[in-house]
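Below: one structure, written as structure tokens.
The values are calculated or read from the model by the stated rules, or taken from the named source; none is laboratory data. Owing to the predicted nature of the structure, the values given are computational and were not obtained by experimental measurement. Using ideal geometry, Cβ is built from the backbone for each residue, glycine included, and neighbour counts are taken over all protein chains shown. Note: accessible area is taken over every heavy atom of the protein model, side chains too, but ligands, DNA and RNA are not part of it. Shrake-Rupley method; radii C 1.70, N 1.55, O 1.52, S 1.80 Å.
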Amino acid sequence: LDEANNWGLSIAELSRSVAESRAKGIQPRAIVIINPGNPTGQCLTEENMQEIVRYCKQERLVIFADEVYQTNVYLPSQKFVSFRKVILDMGKAAEDVELLSFHTVSKGAVGECGRRGAYVECL
């Protein structure tokens with residue numbers, strides 16, 4: 001994450017990490033992204049998410065989007081946008097990108113303690 005860029009994911013750093021793994025004989029198959037971040041509620045920008053989607057398409061990486069904290073955004077300037085929305089809005093540019101987006105009722109801002117339930121959206 002790049003602190004100077006509002007804690008966005010640096011595609012250059014991601015690319016470096018993937019290349020380093022491949023050089024060691026490790027074949028990355030997926031990327032896990034937690035958005036919004038816990039415990040800060042920091043959200044990736046839609047533009048950064050589009051960059052991530054384009055990179056994942058290029059490198060054939062599945063996106064695992066942990067979006068369970070979407071109601072835990074604390075700053076009015078922050079806006080949660082789901083990876084599903086980003087991919088669908090990108091149209092053909094995101095064609096064939098695979099996404100698993102995780103959601104729950106037990107992580108919300110109003111403290112749903114004791115409730116357990118989750119689901120996964122797949123594209």
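Please give the contour-minus-distance gain from GLU13 to ILE34: 0.36 nm per residue of separation, less the Cα-Cα distance, rounded to one decimal in nm.
Working: separation 21, 0.36 × 21 = 7.56 nm, distance 1.69 nm.
Extending this stretch completely gives an extra 5.9 nm.
Enter the angle in degrees (range 0 to 90, nearest 10) between the Cα long axis of helix 11-23 and the first principal axis of the Cα atoms of the chain, meaning the one along which they spread out most. It works out to around 60 degrees.
If you count the DSSP beta bridges with both ends in the chain, what percent of them are antiparallel, to the nearest 5? That works out to approximately 40 percent antiparallel. Once all protein chains are placed together, THR104 keeps about 40 Å² accessible to a 1.4 angstrom probe. When the Cα positions of SER17, LEU44, LEU61 are compared along the charge dipole of the chain, LEU61 comes out farthest toward the positive end, with charges on each C-beta of Lys, Arg, Asp and Glu. Rolled with a 1.4 Å probe across the full set of protein chains, the surface gives ARG84 an accessible area near 90 Å².
Mean residue ellipticity at 222 nm from the helices of the chain, using -39,500 (n - 2.57) per DSSP H segment of n ≥ 4 over the full residue count, to the nearest 500 deg cm²/dmol? Mind showing how you got there, number by number?
Details: 3 runs with 35 residues, N = 123.
So the calculated ellipticity at 222 nm is -9000 deg cm²/dmol.
Mind ranking TYR119, TYR69, TYR55 by accessible surface for me, highest first, 1.4 Å probe?
On the way: TYR119 130, TYR69 40, TYR55 15 Å².
Reading off the accessible areas and sorting them downward yields TYR119, TYR69, TYR55.
Each pair of Cα atoms in the stretch 1-83 enters the Kirkwood radius, and Stokes-Einstein at 25 °C and 0.890 mPa s then converts it into a translational diffusion coefficient of 182 µm²/s. Taken per residue, the accessible surface of the chain reaches 62 Å², heavy atoms only and a 1.4 Å probe. With the whole protein complex present, PHE64 retains an accessible surface near 70 Å², based on a 1.4 Å probe. Taking 11 Å as the cut-off, the amide N atoms of the stretch 41-78 that come nearer than this to a point 7 Å along the Cα-to-beta-carbon line of GLU98 belong to 60-64.
To the nearest 20 debye, what is the magnitude of the charge dipole of the chain about its Cα centre, counting +1 on the Cβ of each Lys and Arg and -1 on the Cβ of each Asp and Glu? Don't skip to the answer; put the middle values down first.
Details: 14 positive and 16 negative charges, 63 e Å.
Dipole of the chain, to the nearest 20 debye: 300 debye.
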